[in-house]
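A short worksheet on the structure shown next.
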There are 4 protein chains.
Amino acid sequence: MKPYKLVSREMKPEKTIVRIGSVAVGADRPVIIAGPCAVESERQLLETARAVKQAGAHILRGGAFKPRTSPYAFQGLEEEGLKLLARAREVTGLPVVTEVLDTRDVELVASYADVIQVGARNMQNFRLLREVGHAGKPVLLKRGLAATIEEWLMAAEYIAATGNDQIILCERGIRTYEPALRNTLDISAIPLVRQLSHLPVIVDPSHATGNRRLVTPLARAAVAAGADGVMVEVHPDPANALCDGPQSLTPAMFAELVHEIQLMAYSIFSCARLSAQARI
Amino acid sequence: MKPYKLVSREMKPEKTIVRIGSVAVGADRPVIIAGPCAVESERQLLETARAVKQAGAHILRGGAFKPRTSPYAFQGLEEEGLKLLARAREVTGLPVVTEVLDTRDVELVASYADVIQVGARNMQNFRLLREVGHAGKPVLLKRGLAATIEEWLMAAEYIAATGNDQIILCERGIRTYEPALRNTLDISAIPLVRQLSHLPVIVDPSHATGNRRLVTPLARAAVAAGADGVMVEVHPDPANALCDGPQSLTPAMFAELVHEIQLMAYSIFSCARLSAQARI
Amino acid sequence: MKPYKLVSREMKPEKTIVRIGSVAVGADRPVIIAGPCAVESERQLLETARAVKQAGAHILRGGAFKPRTSPYAFQGLEEEGLKLLARAREVTGLPVVTEVLDTRDVELVASYADVIQVGARNMQNFRLLREVGHAGKPVLLKRGLAATIEEWLMAAEYIAATGNDQIILCERGIRTYEPALRNTLDISAIPLVRQLSHLPVIVDPSHATGNRRLVTPLARAAVAAGADGVMVEVHPDPANALCDGPQSLTPAMFAELVHEIQLMAYSIFSCARLSAQARI
Amino acid sequence: MKPYKLVSREMKPEKTIVRIGSVAVGADRPVIIAGPCAVESERQLLETARAVKQAGAHILRGGAFKPRTSPYAFQGLEEEGLKLLARAREVTGLPVVTEVLDTRDVELVASYADVIQVGARNMQNFRLLREVGHAGKPVLLKRGLAATIEEWLMAAEYIAATGNDQIILCERGIRTYEPALRNTLDISAIPLVRQLSHLPVIVDPSHATGNRRLVTPLARAAVAAGADGVMVEVHPDPANALCDGPQSLTPAMFAELVHEIQLMAYSIFSCARLSAQARI
């Protein structure tokens, strides 16, 4: 018997659709979330936001509170960053997703963000999960660095247990022995989670690889495997990004990714239609 | 500096195409290899071979020598299995790929098979790699259970160093901490290997998951990520298969997989054309 | 160049000794921390505390705030548990170590505990690390479920950067592909951390294995590898423990462990003396 | 139910003692196997053999057939290396253990070696296991790079199924996400294998770490955990070794290791006696 209940398919056979303004995550069309790793300045954020909007992104991402391995690394602009995200939303109309690190900041982050992100390092910060659940906003829950799929769904269960079912799961690569890339994208998690849970699931190929040259083929693979969307890092000048430069797409590369995802989604849609016909 | 030479992109920028009769692995069209885990009987093999041929498979797979974790498990029909594979080739026209386990059997296997497979457990059986390289047949080299991409390419280098560059790499899932599935399909290996090497690379979603319900979405993802083909297990009666029943597709499921792969390949081809146009 | 500074051997060649009342962690004698996984009741805690005191434990452990994978599992007695720990300290004279999960609880926990524990799931909860650092009490920092040694030392650096160098590192097993035990004890981390850092390092063989029959041989191995102590779970009635029963020692098993550790420590001490003489 | 039979404790409750001349592996005293990674020359081998003999080693190790990741690396002196090992045995009286890679070489290797080694990369080379089992010599079976304990015992079962129970298991580190060392020594495997199987089990701390500074503390830990012996690499001039120089001890370091192991074994023996008395 599965240890999770509220997030299971058994509990709710039909797919959950998470609605963020006019964007529907978990419906037919793959959702594209894009933006910089960290909010660095008004200019950097607005330039990126306009570019991703124009290329076809549906949601803007950007970190104001950054969980960094080193205490000496850039830790984010904090509330100033949240204000810039709100400004970018005004300018582009894109809803914004941003991460929260501390139970004491949940209310603040919820007052600016359209979607609250719980990052990989906090997937089992159970107090944070509860507080975020209670904040009354959709939650993007990243899979932990070495979390099992069951643990990930149990973390979602913590949020769901607060009465909040607006949860988007995000696969971002797991930690394995393979040293060639930053993480190993667990693509099988996509169809498996779709069987086990009614929650939508997206893929972050930027963190999964740490290598921008692999982001587009893996975004295609994610959609082909059934993901409800992708989240990618875009920076107008990756070489000078304050974090995660090597995995950030340029706006031009991002535009190409959007085209390919759309074509792929059309193909998948045709597959589904074809399969449905085959069954008649 | 990379430790491999002959198999590197630097040594040979253009893609290697492995030709098996009229089948070209590494060219535009994804190649589909299908058949039972083990050759069990003439009836089982011919029934499967006819079904996969009709559904659109290009190559027939089937194990005559089986590497089994237990000394008490079915070890394969050995030479009798090879003879049945040859018979299935006569009947269907499909070329056959089958595994060899022992340096002493390479000559025998090469006399029946169109492609010789080196399995995951023998990826660093260096004597076998050399012997197989010298046999003068194309080689399908599976990635080891916990092999790094560099070690995998070094294993290919052992074969290439014998003068044989007709090598197909096959990603079949790696060993990680995640217990939900048999292995973790390393989808990132596909675009990464395409950057590092000129050799074609395919995916085995059956071994990667051990779960037939995940095989088709992952086959789609493989092709979307740029794989040159897929290898899947098909059995006319999975519930009574002598090995790997839970991951074997029925012939009907396999037919659907072929349709989806073809549609996906068309989409990818369109992506490539679109990207090329975008660059003009 | 190493990314950590304050916790490195280069910065401070001599070993740091963490002093908790009259107990010195990092000095010659291995320190033994013992107690139940969770504080369940006054009777359970006092019975355990008296037993481990009598057998030779130096510090009492017990969880009042429990990080549980399931929202439906017992989450700890919270402040009531802290009060019981303080009561057990009065009765036995043993200092107490207990975990904190939330930045908002640090002040409360610090007002009861002699050592504040940061658990494996919070090793990269950077806000918690900072808050705990500022609390002015010694910190026991467990290694994350799949943290590298470098990340672990960087987490310690977050604490040290607050001006608090009273940090005890605790290896508790890492996540690997091996399914036979709960985790894989990374015994090599002990001599390696001793080379890289001046901080004391102990081992938790209970969480590392999840199996009480392996706790004593691994405690011996920890001390033989150079650990400054061990932390083990002891319960008067493991079969009815509210958490981690299968890995809890009975008081009698614990008494035997203490004897063996003392003998082992004497042997190691003799080794050191012998080696020193050999160098003269 | 366990899938292995002949090697299980259930089948044979008393410990198996593997006898190699006058050396008994699995009896009270830990056995020390030492020598160079590869046999390089008569001078190098004899110098090492004399040094390890004098320091207290019981068995000489040395590779004549070397499984190397690269086809361009030194592959061993092959039969010439076997002859040198036989010469070193004559000179020192130490029995020799050496690896075989190919079923076709088993008879040859068996004609020179006292113990035949199956290396980590060949742990699931099932044909080799069978052939080695039939050779009528004791076998040293290394655990595979990422083998589970169950797979390791199943590999031993292949050998035992030939009627040969003279098998020594050797833990040599497993592959994990941790990049600090070559492998992660799975110390828990020692007490666990002792519970599951009657076969003796030793530890190779040289391959487990790839770092000579960690070899001695981990050898101590191995014996403290209950290992029946250790196998370490020793080279008269590690800086110029043809393979594995960084993990090779100098003869002086090895002499210190032997002293420490002897002291540790005495301590363990005392522990056992003390525990036995405690039970009376």
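The values are calculated or read from the model by the stated rules, or taken from the named source; none is laboratory data. All figures in this text were calculated on a predicted structure; none of them were measured in a lab. Because the Cβ atoms are built from the backbone with ideal geometry, glycine has one as well, and the counts that use them run over all protein chains shown. Keep in mind that these areas ignore ligands, DNA and RNA; they rest on the heavy atoms of the full protein, side chains included. Shrake-Rupley method; radii C 1.70, N 1.55, O 1.52, S 1.80 Å.
For region C:69-87, which residues satisfy the criterion of being of a type in the set (Gly, Ala, Ser) and either open to solvent by 50 Å² or more (accessible area, probe 1.4 Å) or without any contact (Cβ under 8 Å) to a residue 12 or more places away in the chain (or both)? Scanning region C:69-87 gives a single hit, C:SER70. Restricting to region D:226-247, name every residue that is modelled with pLDDT of 95 or more, within 16 Å of the chain's Cα centre (by Cα) and not charged (D, E, K, R). Answer for region D:226-247, where residues must be modelled with pLDDT of 95 or more, within 16 Å of the chain's Cα centre (by Cα) and not charged (D, E, K, R): D:GLY226, D:ALA227, D:GLY229, D:VAL230, D:MET231, D:VAL232, D:VAL234.
Residues in region B:173-187 that are away from chain D (no Cβ under 14 Å) and either of a type in the set (Lys, Arg) or free of Cβ contacts under 8 Å to residues at least 24 places away in the same chain (or both): B:ALA180 only. When every residue of region C:251-263 is checked against the conditions, at least one turns out to be over 28 Å from C:THR176 (Cα atoms), facing chain D (nearest Cβ under 7 Å) and either among the charged types (D, E, K, R) or under 18 Å from the mean Cα position of the chain (by Cα) (or both). Looking at region D:227-259 only, could you name the residues that are surrounded by 24 or more Cβ atoms within 10 Å (Cβ to Cβ), among the small types (Gly, Ala, Ser) and closer than 18 Å to D:GLY76 by Cβ? Correct list: D:SER248 only.
Screening B:LYS66 on (1) farther than 30 Å from D:GLU150 by Cα; (2) open to solvent by less than 30 Å² (accessible area, probe 1.4 Å); (3) in contact (Cβ under 8 Å) with a residue 60 or more places away in the chain shows it passes everything except condition (1). For region D:96-116, the criterion of being closer than 22 Å to B:ARG130 by Cβ, modelled with pLDDT of 95 or more, among the hydroxyl-bearing types (Ser, Thr, Tyr) and under 18 Å from the mean Cα position of the chain (by Cα) is met by at least one residue. Screening B:THR209 against (1) polar (S, T, N, Q); (2) within 14 Å of chain A (Cβ to nearest Cβ); (3) free of Cβ contacts under 8 Å to residues at least 12 places away in the same chain leaves a single unmet condition, (3).
In region A:173-198, how many are open to solvent by less than 10 Å² (accessible area, probe 1.4 Å) and either of a type in the set (D, E, K, R) or assigned to a loop (DSSP other than H, G, I, E, B) (or both)? Adding up the residues that qualify gives 6.
Here is the figure for region B:151-162: residues that are part of a helix (DSSP H, G or I), facing chain D (nearest Cβ under 8 Å) and open to solvent by 10 Å² or more (accessible area, probe 1.4 Å) total 1. For region C:203-225, the set of residues classified as open to solvent by 10 Å² or more (accessible area, probe 1.4 Å) and either acidic (Asp, Glu) or in a loop (DSSP other than H, G, I, E, B) (or both) consists of C:GLY210, C:ASN211, listed by residue number. Screening C:ARG9, C:ARG29 for residues that are touching a residue at least 24 places away in the same chain (Cβ under 8 Å), touching a strand residue (DSSP E or B) at 6+ places or on another chain (Cβ under 8 Å), of a type in the set (D, E, K, R) and more than 19 Å from C:ASP237 (Cβ to Cβ) leaves exactly one candidate, C:ARG9.
Checked against the criterion of being out of contact with any helix residue (DSSP H, G or I) (no Cβ under 7 Å at 6 or more places or on another chain) and of a type in the set (S, T, N, Q), the candidates C:SER70, C:SER41 yield just one match: C:SER41.
Of everything in region D:88-147 that is within 9 Å of chain B (Cβ to nearest Cβ) and without any contact (Cβ under 8 Å) to a residue 12 or more places away in the chain, the residue that is surrounded by the fewest Cβ atoms within 10 Å (Cβ to Cβ) is D:ARG104.
Which of the residues spanning region B:65-87 are within 19 Å of the chain's Cα centre (by Cα) and away from chain D (no Cβ under 14 Å)? Even if it seems obvious, please write down each step before you answer.
Of region B:65-87, the ones within 19 Å of the chain's Cα centre (by Cα) are B:65-68, B:76, B:81-82, B:85-86.
The answer is B:GLY81, B:LEU82, B:LEU85, B:ALA86.
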